[in-house]
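Colleague: Mind having a look at this structure? Questions to follow.
The values are calculated or read from the model by the stated rules, or taken from the named source; none is laboratory data. Values in this document were obtained by computation on a predicted structure and should not be read as measured data. We place every Cβ from the backbone using ideal geometry, glycine too, and count neighbours over all the protein chains shown. Heads up: the accessible areas ignore ligands, DNA and RNA and are worked out on the full protein's heavy atoms, side chains in. Shrake-Rupley method; radii C 1.70, N 1.55, O 1.52, S 1.80 Å.
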Amino acid sequence: GIHYQVNVSSIAGHVFDVSLRIENPDKNGQVLTLPAWIPGSYMIRDFAKNLIKISAKDDMGTNINIQKLDKQTWQAQAVSTTLTIEYQIYAFDLSVRGAYINDEMAFLNGTNMFLEVVGQTDQPCRLTLQKPLQLELSHWKVATTMPTEMQDTHAFGEYRASHYEELIDHPVLMGEFDILPFTASGVEFEIILAGGHQADVKRITKDLTKVCQHHIDFFADTPPIKRYQ
């Protein structure tokens, strides 16, 4: 019922294009909000300041009025059809909690990118990561632990989450990177190294295998997630 699409529209401008399709919008006018927090960071943030453009359309492609209610909340005019929200995110925050684009990679956290559909946070979400159209980015790939039905877990395409909270808990990296896989107690782990580096990848992999195995043994329980990055 809720489908997000993300595209890297401008490298130089550091801009993501995001489309949000809502199959069953609130009949009184759908309210949308962007979080002012991020899992694991206990401060109030202002992610909405990077939302630089927003518009709404009905199922016929007709423009629908959308009104800003406060610094992080919007409400679309009531419609009886599918509602599509299109917006742009400025991404030039090189931190673990932000969103960032340059000519080597594009990184995002869900709290920066995905408007919450108020009243429908328990609904399943789909996320389509569109492969960049720029020829110079044709070699880019994807790193995220968000579930997918695709055999290639590093491909552009469709990913899914059971609900909104799961959606925003999976950072996404697109670009050039090295993948260092290893397993511990049958659980898959991947180390992702983006950007230029001269790391001793064999030693890093060996050491982290020991660390992960120690923690699994210490807590004497199978990790709750099948795949970690």
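Colleague: Is there any pair linking a residue in the stretch 1-23 that is touching a residue at least 40 places away in the same chain (Cβ under 8 Å) to one that is open to solvent by 30 Å² or more (accessible area, probe 1.4 Å) and β-branched (Val, Ile, Thr), with Cβ under 8 Å and at least six apart or on different chains, and which?
Modeller: These pairs meet every condition: Val15/Ile52.
Colleague: So which residues in the stretch 160-209 are small (Gly, Ala, Ser), within 17 Å of the chain's Cα centre (by Cα) and not in a strand (DSSP E or B), if there are any at all?
Modeller: Across the stretch 160-209, the qualifying residue is only Ser162.
Colleague: Quick one: in the stretch 134-152, which of the residues that are polar (S, T, N, Q) and either assigned to a strand (DSSP E or B) or open to solvent by 50 Å² or more (accessible area, probe 1.4 Å) (or both) is nearest to Ile168 (Cα to Cα)? Please lay out each step first, then the result.
Modeller: If we filter the stretch 134-152 for residues that are polar (S, T, N, Q), which is where we start, we get 134, 138, 144-145, 148, 151.
From what's left, either assigned to a strand (DSSP E or B) or open to solvent by 50 Å² or more (accessible area, probe 1.4 Å) (or both): 138, 151.
Numbers: Ser138: 26, Gln151: 23 Å.
The extreme case among them is Gln151.
Colleague: Shifting gears a bit: Looking at the stretch 215-229 only, could you name the residues that are part of a helix (DSSP H, G or I) and within 25 Å of Met146 (Cα to Cα)?
Modeller: Start the filter on the stretch 215-229 by keeping residues that are part of a helix (DSSP H, G or I), which leaves 215-219.
Once the filter is applied, which keeps residues that are part of a helix (DSSP H, G or I) and within 25 Å of Met146 (Cα to Cα), the stretch 215-229 yields His215, Ile216, Phe219.
Colleague: Could you check how many residues of the stretch 76-87 are farther than 12 Å from Leu20 by Cβ and open to solvent by less than 60 Å² (accessible area, probe 1.4 Å)? It would help to see each step written out before you state the result.
Modeller: Step one: of the stretch 76-87, the residues farther than 12 Å from Leu20 by Cβ are 77-81.
With the extra rule that they be open to solvent by less than 60 Å² (accessible area, probe 1.4 Å), the set shrinks to 78-79, 81.
Residues in the stretch 76-87 being farther than 12 Å from Leu20 by Cβ and open to solvent by less than 60 Å² (accessible area, probe 1.4 Å): 3 in total.
Colleague: Where residues in the stretch 34-50 are in contact (Cβ under 8 Å) with a residue 60 or more places away in the chain and not in a helix (DSSP H, G or I), which of them is most open to solvent (accessible area, probe 1.4 Å)? Talk me through it step by step, then tell me what you get.
Modeller: If we filter the stretch 34-50 for residues that are in contact (Cβ under 8 Å) with a residue 60 or more places away in the chain, which is where we start, we get 34-35, 37-39, 45, 47, 50.
So of that shortlist, the ones also not in a helix (DSSP H, G or I) come out as 34-35, 37-39, 45.
On the way: Leu34: 0, Pro35: 9, Trp37: 117, Ile38: 16, Pro39: 59, Arg45: 38 Å².
Among those that are in contact (Cβ under 8 Å) with a residue 60 or more places away in the chain and not in a helix (DSSP H, G or I), it is Trp37.
Colleague: What pairs come up if the first residue lies in the stretch 52-63 and is surrounded by fewer than 17 Cβ atoms within 10 Å (Cβ to Cβ) and among the hydroxyl-bearing types (Ser, Thr, Tyr), the second is modelled with pLDDT of 95 or more and not in a loop (DSSP other than H, G, I, E, B), and their beta carbons are under 6 Å apart, counting only those six or more places apart or on different chains?
Modeller: So the pair list comes out as Ser55/Glu86.
Colleague: Within the stretch 19-33, work out how many residues are part of a loop (DSSP other than H, G, I, E, B) and either on the phi > 0 side of the Ramachandran plot or in contact with a strand residue (DSSP E or B) (Cβ under 6 Å, 6 or more places away or on another chain) (or both). Walk me through how you get there before you give the answer.
Modeller: Taking the stretch 19-33 as the starting set, the residues that turn out to be part of a loop (DSSP other than H, G, I, E, B) are 23-30.
Subsequent filtering for residues that are either on the phi > 0 side of the Ramachandran plot or in contact with a strand residue (DSSP E or B) (Cβ under 6 Å, 6 or more places away or on another chain) (or both) retains 25, 29-30.
Count: 3.
Colleague: Further question on the same structure: Report the residue count in the stretch 158-176 for those that are more than 19 Å from Leu115 (Cα to Cα) and modelled with pLDDT under 95.
Modeller: 1
Colleague: Would you confirm whether or not the stretch 93-107 contains a residue that is open to solvent by less than 60 Å² (accessible area, probe 1.4 Å) and either of a type in the set (Lys, Arg) or in contact with a His (Cβ under 7 Å, 6 or more places away or on another chain) (or both)?
Modeller: Yes: one or more hits.
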